[in-house]
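Bear in mind these aren't lab numbers, they're just calculated from the coordinates by the rules spelled out. Everything numeric in this text was worked out from a predicted model, so none of it was measured. So basically every Cβ, Gly included, is an ideal-geometry build from the backbone, and we count neighbours across all protein chains shown.
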């Protein structure tokens, strides 16, 4: 797989014809495809660290030299449509709707509401993702205020509490958005892999700490991309 990625990255030629708009990921942009190929090489190379450290270093440094994804504009993502045939909708969001919100909605309360442990953690640490991933419904309207979010006890399995409607549910504008893209390779993953490479002395473009912080920030920004 590493050799094939190497050959693929070398074969991209911007002067040759592309699939244009039929290329759903990059619209025929060969420069971005190269970055994607190098990024996948970095991912695969890093997975060899506990098997063959020397080989891992060779491929990871080769990928970094080639040029991996470091900008949000280069994120590899598959677009989906919010309407029309279900095959064209985001499969992860569609699965949530079909299995947790349409079929036996009143019975499957453990899946419909956000578990308490997941909900308390972001509040305790002022996690900015909380109002993005969860909502409470008030008079048919979504309330995303962090302080208003409430997680359901993990002890509740098949018993519906009387105040069921007061618990947080996944945000329909993000987690349940049928037209949101599926992220294939992101800046966050790239930054975290580069941080490990920096720790191992394979990359000197930035400190491991700065790259790790950058990965966290990039992961936060991904929620804005999921709204598209």
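Brief remarks follow.
- The angle between the Cα long axis of helix 187-199 and the longest principal axis of the Cα atoms of the chain comes to about 60 degrees, rounded to the nearest 10.
- Ranked by the mean number of other Cβ atoms within 10 Å of their residues, highest first, the peptides 179-187, 215-223 come out as 179-187, 215-223.
- DSSP beta bridges confined to the chain are antiparallel in about 90 percent of cases.
- Model label sites at residue 21 and residue 220, defined 7 Å from Cα along the beta-carbon direction, differ in position by 3.7 nm.
- Full extension of the chain segment joining residue 3 with residue 182 gains 61.8 nm, where the gain is 0.36 nm per residue of separation less the Cα-Cα distance.
- 222 nm mean residue ellipticity, helices alone, for the chain (DSSP H n ≥ 4; -39,500 (n - 2.57); rounded to 500): -12500 deg cm²/dmol
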